[in-house]
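Quick note: the coordinates plus some simple rules give every number you see, no bench work behind them. Source: prediction; values computed, not measured. Cβ sites come from the backbone with ideal geometry, for glycine too, and all protein chains shown count toward neighbours.
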Amino acid sequence: MEDKKTFIDPLLERIEEYGKTSFELVKLKALGKVVHATSTFLSHGIMVLIFLAVMFFSNIGLAIWIGDLLDKLYYGFFCVAAFYIVLGSVVYFLRKKIKKHLSNSIVSHLLN
């Protein structure tokens, strides 16, 4: 009987160590996914902010230039605004496709 006990004890210890190690591995993999997703989000966020700043000043410059061509400064701003109304309408009608594409991209990024 003592022989079985000495055989089972190391086996149970190894099983316990395996369980702890497996749990740690799952935690580290999850942490890796979260860190990767967060860093990707932040780096893309910084790029979007830079892009928005460039677009903001470019739009002001373009509106002033168009207004200068049309001899009324505010006409240029109306033209730029009309362009964004058309662009916004196109995005509005394509929003379901865009949302589906973004959702699929986020899920595949988190699962890989």
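Things to note:
- Pairs from Lys72/Lys99; Lys33/Lys97; Lys33/Lys96; Lys33/Lys99; Lys72/Lys97; Lys29/Lys100 whose Cα-Cα separation, in the structure shown, is over 29 Å: Lys72/Lys99; Lys72/Lys97
- Net charge, Val80 excluded, C-beta distance under 15 Å - Lys, Arg +1, Asp, Glu -1: 0
- Identified option (computed Rg/Rh (Cα atoms, Kirkwood Rh); candidates [x] 1.37; [y] 1.46; [z] 1.01): [y]
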